[in-house]
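Nothing in this text is a laboratory measurement; each read-out follows from the coordinates by a stated rule. All values derive from a computational prediction rather than experimental measurement. Cβ placement follows ideal geometry from the backbone for every residue including glycine, while neighbour counts extend to all protein chains displayed.
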Amino acid sequence: MSEEHRKFVEFFSFKRILIPVLLGIGVALYLVFRNFDPEPFLEVRWGAGSLFWFSLAILMIIIRQLAYMYRIWLLTDHKISWKQAFDIIILWEFSSAITPSVVGGSAIALYILSKEGISPGRSTALVLVTAFLDELFYILIVPAALILAGAGVLFEFSGKGSSLGLDYGIDFIFVIGYLFILVLILIITYGLFIRPRAVKWLLLRVFSTKFLKKWKRQAAAAGDDIIISSGELRGKHSNFWVKAFGSTFISWTSRFLTVNFLILAIGGTGEQLVIFAKQLVMWVILLISPTPGSSGIAEIIFSDFLVDYIPAGLNHAVALIWRLLTFYPYIIFGAIILPIWITRIMAHKHHTEKHEIQ
């Protein structure tokens with residue numbers, strides 16, 4: 001087993017997988033049973049309406065997965081099968097679920113793509129483009145949400161962040177997060193589509209300073225990745241970008257609509273556009289979460305942000321159901337698929353080496 005492969009396997013250690021599960025479920029159960037009252041649960045009217053909205057929530061989860069699979073298939077120029085696309089997305093989400101949100105699973109995604117036969121240059125381009133498309137969706141959708149839903153109502157938050165010990169209002173954190181994402185997408189756009197070598201030069205200058213010098217080698221490698229990625233993306237037809245952004249729009253919209261339909265399923269009320277828009281604010285907070293997959297933080301944020309739209313006493317329980325539907329399945333399926341994927345990759349490698357010897 002190569003050193004690279006060994007590190008990959010060690011990344012998905014049982015301890016690393018267990019931490020977000022115990023942290024997330026532990027926090028959720030604590031919130032549910034801290035002041036438990038069975039009355040709100042008994043008042044929920046379960047019927048055909050609830051089943052309908054709950055089914056739509058499940059459908060959104062499936063559509064989100066399919067949209068991600070289509071996007072990865074498209075970005076690889078149809079070089080992978082749908083089975084490979086499914087494995088890649090599950091393992092990518094799996095790695096993101098067991099790492100802090102501020103870190104993400106991009107490095108693991110590069111390894112997975114390379115083992116699926118995608119060249120290093122195209123793998124790097126693919127990861128950067130997915131980041132570009134995701135951030136582009138956010139940059140474009142936020143102004144629309146602010147106009148349609150109203151800025152004031154989006155930042156109504158129980159305790160103004162006191163639940164998490166935040167010193168500033170959520171609106172301040174949101175603005176800083178949005179500006180950071182805007183700067184990030186401008187850098188990626190400039191690097192990928194305008195002057196990639198200029199971005200590498202800038203990175204080297206910045207990381208030549210005394211305090212950042214020890215990361216200069218990594219900065220140089222990142223600059224090389226941007227140059228390679230730029231070469232891979234030059235000449236793509238406009239139809240390609242329409243499809244890529246379209247699948248991104250569908251995947252993110254489905255992600256947020258899952259919450260809308262879940263709230264409707266338990267008899268929640270409120271302006272659906274506002275519920276959708278408030279999730280955009282939630283996402284910025286979760287983006288800077290230091291916990292694996294935002295475990296613990298996500299349950300608290302959800303409960304406080306959307307408490308006004310959920311029947312009294314049920315917000316913590318709905319937060320738990322939300323995570324059980326949208327987060328933990330990736331950990332479960334990832335843990336199942338990982339050994340199967342490793343076996344397939346190792347078997348393919350052995351077959352290739354045997355063929356080369358012959």
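Numbers below:
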item: Paramagnetic reach from residue 137 (point 7 Å along Cα→Cβ, amide N under 20 Å) across region 263-281; result: 263, 272-281
item: Degrees, to the nearest 10: 315-326 long Cα axis against longest axis of the chain; result: 30
item: Cross-link pairs beyond the 32 Å C-alpha cut-off, checked among 83/243; 79/200; 15/79; 200/243; 200/236; 15/214; result: 15/79
item: The chain: relative contact order as a whole-number percent, Cα under 8 Å and 6+ apart; result: 33
item: Likely footprinting exposure, 78, 316, fewest C-beta neighbours within 10 Å first; result: 78, 316
item: Footprinting exposure proxy for 7, 210, 200, 79 (fewest neighbouring C-beta atoms within 10 Å first); result: 210, 7, 79, 200
item: Per-residue Cβ neighbour rank within 10 angstrom, fewest leading, 214, 278, 236; result: 214, 236, 278
item: Max mean-square fluctuation residue, GNM over the chain, Cα-Cα springs under 10 Å, options 32, 127, 44; result: 44
item: Max mean-square fluctuation residue, GNM over the chain, Cα-Cα springs under 10 Å, options 50, 238, 229; result: 238
